[in-house]
Amino acid sequence: MSTTPADGAPAPVPVPGQTHPGRAAGSKSGRFRHWLLSGLVDERGTQQGPHGRNPERTHTWWQVMCLTGVDYFSTLGYQPAIAALAAGLISPFATLVLVALTLLGALPVYRRVARESFRGSGSIAMLERLLPWWAGKLFVLVLLGFAATDFMITITLSAADATAHAIENPFAPDWFHGQNVIITLVLLALLGAVFLRGFREAIGIAVVLVAIYLALNVIVVGTSIVEVFHHPTAISDWWGMLFRQNGNPLMIVGVALLVFPKLALGLSGFETGVAVMPQIKGKPDDDPAYPAGRIRGAHRLLTTAAIIMSVFLITSSFTTTLLIPQKEFQAGGSANGRALAYLAHEYLGNVFGTVYDISTILILWFAGASAMAGLLNLVPRYLPRYGMAPQWARAVRPLVLVFTAIAFLITLVFQANVDAQGGAYATGVLVLITSASLAVALSARRKKQPRRFVLFGIITAIFVYTTIVNVIERPDGLRIATLFILGILVVSIVSRIGRSFELRATSVTLDITALDFVLEDAEEGEIRIISHEPDVDTTKEYAQKNKDERKYSHIPQRARTIFLEVLRSDSSDFEEDLVVHGVVKHGYRVLQVKSGNVPNTIAAVLLEIRDITGVVPTIYFEWTEGNPISNMFRFLITGVGEVAPVTREVLREAEKDVKRRPAVHVS
């Protein structure tokens, strides 16, 4: 099919990833596809999620703190109840251990992550840089599985807890009771619909929700503390029961150290805190290579959020344990999944309690929105760039539909049960924090900072212990994460194989010398390229290669030729910016380009030469020795193998017009 329009004007050269106007644009299916893939305009492999592009407006650090706070602070809706259910009367002491780990472990780790990954990529990007090649990619995919577990369970657990608050409200209609799953599915559908419609002004909404929610919690917790001191027997009764169950203070401390991993939900929010860094307003004179003002704002965000949350965790754990009967925390109890709401109704009346319920429902729902934004930020940042997801995975709306369907499935499997999902949530949170600790420890080691390496190594060991204990106690989290990991790996492998014959270069640049080489030959009307593997760098090697190609490929003796060499790099990379250098070696003109994928790179360079010169080049190969099947596997893994046939196939896929397609000659 010709690519020249009827008016004779040359057609634009197709670019992979770009949409092509005029194809059924007026049909209903065309309009729907255009709407669904809106935003799929970036061919360079950069992330296109909510925090991916440079934001039009940045905000002060405390406003952005509210955006991440809807995830972090909203855990107060269920954390005290889950803590009491998991740790019983020791809950306040276990919470103290958790707070110590937050302020002395997670906070220093993520302050360093903010310094080294200030573009919002988080700790996963640090590990990606520290662990290159296929092992690094595989490790990142595993972490993405745990991150997906974290964010997806945040969505479903928050919606389920919002449902619990709605059902337990005394003014709720009777038909709400027993309809947990249906109401949760409605909330999830509403969340998906909002993201399909378009989600803007998130920070403005978050500031209002967080301000109201924290103010209400101050009232509830403050009132509860007063009630505790109005009933001094509550403390003595709790203390007595504690000693009867555990015997002595050392036993209490030991049990607290053993059970605190069950409270790991209170550590959520740190990864989101660094993901939203591009939204933080820096200083006008910030250096893009190291925006000190933005980093300083991120440090304030993380520190302030951690201190606020630590205060609420300690006070809420103390008051709920002392004022709420233990039986009410059990499944079906009035405080199950809603301990602070129970206290709000009990001591401030049903009207105030209803206001508190509404505020909690809204911030829990918005926490799901924050987690959805995190997923939309995370997946396009890695999988499409690795060639491990279809191109449509760069667009927001298809991903929203996929994530909403997964959220529906999780809700149906867990029957919208908050307690049942707590283990999976904690597993995702702990693995991400453990990976962040490992990343900063490796970074300190690489930068030859022995004291910090030891410090972060100890923190990593503590989080490893915490993660292992949590997995042993609640293996459901690991099972769910394993399913996510397997799903990501299967999709990644299938997608990588399916996209093997795509042009992978996001840009091709020829330096001045390389440009001179091809323009000189273009003046004669022929550009002949000889593919050469840069293994032996001798005059004899180049002379023999030139002689053989002229003999067996019937290249005229007086015809000018240019060698093309691909210097191999990381074959696990998919999208690359190619820079072609022109050099003279042993009297021969040579184009050199660094890449991990030889055939795709050769095809991209040939098309770029055609576009620059207007002359369709010809490239000459020799057949590759070895079994074709094993060579194909070599290509998939190492980026080499059957170079000539694969180059031809990549060109065939990229350029449908035979007359404009570079010719491949093999001898």
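Brief remarks on what is shown
- Ordering 491-497, 205-211, 263-269 by mean Cβ neighbour count within 10 Å, with the highest value first, yields 263-269, 205-211, 491-497.
- Pair-distance distribution P(r) for the stretch 95-161, from all Cα-Cα distances in 5 Å bins starting at 0: 4, 14, 15, 17, 23, 17, 8, 2, 0 percent.
- Inter-label distance for His231 and Arg31, nm, one decimal - labels placed 7 Å from Cα along Cα-to-Cβ: 6.2
- Reachable lysines, given that their alpha-carbon falls under 29 Å from the alpha-carbon of Lys327 and they are not under 8 places away in the same chain: Lys262
- Kirkwood Rh and Cα Rg combined as Rg/Rh, the stretch 323-448: 1.10
- Three-way shape label, the stretch 420-510, alpha-carbon gyration tensor, a/c 1.5: oblate
- For the stretch 425-541, with all protein chains in place and a probe radius of 1.4 Å, 64% of the accessible heavy-atom surface sits on carbon or sulfur.
- Ratio Rg/Rh [Cα only; Rh per Kirkwood] for the stretch 354-513: 1.06
- Sequence-distant lysines (8 or more away, or on other chains) whose Cα lies within less than 20 Å of Lys551: Lys540
- Loop sites in the stretch 147-180: chymotrypsin sites (Phe, Trp or Tyr not before Pro), DSSP, at most 10 other Cβ within 10 Å: Phe171
- To the nearest ten degrees, helix 202-230 and the longest principal axis of the Cα atoms of the chain are 30 degrees apart.
- In terms of overall dimensions, the C-alpha atoms belonging to the stretch 128-171 reach 58, 12, 7 Å along their principal axes, ordered largest to smallest.
- Each principal axis of the Cα cloud of the stretch 58-216 was taken in turn, and the coordinate range along them, longest first, works out to 57, 46, 35 Å.
- Annotation: aspartates and glutamates with alpha-carbon distance below 14 angstrom to Lys545 (same-chain offsets under eight excluded): Glu533, Asp535, Asp537, Glu565, Glu622.
- Protection proxy ranking of 186-196, 158-168, 103-113, 653-663, by the mean of other Cβ atoms within 10 Å over each peptide's residues and highest first, is 158-168, 103-113, 186-196, 653-663.
- Ratio of Rg to Rh over the chain (Cα coordinates, Kirkwood Rh, two decimals): 1.07
- Förster-model FRET efficiency, 56 Å R0, His177 and Arg652, C-beta, rounded to 0.05: 0.35
- Surface exposure of the chain, expressed per residue as accessible area with a 1.4 Å probe, stands at 44 Å².
The values are calculated or read from the model by the stated rules, or taken from the named source; none is laboratory data. Here the structure is a predicted model, which is why all the values come from computation and not from measurement. Using ideal geometry, Cβ is built from the backbone for each residue, glycine included, and neighbour counts are taken over all protein chains shown. What goes into the accessible areas is simple: the full protein's heavy atoms, side chains included, and nothing from ligands, DNA or RNA. Shrake-Rupley method; radii C 1.70, N 1.55, O 1.52, S 1.80 Å.
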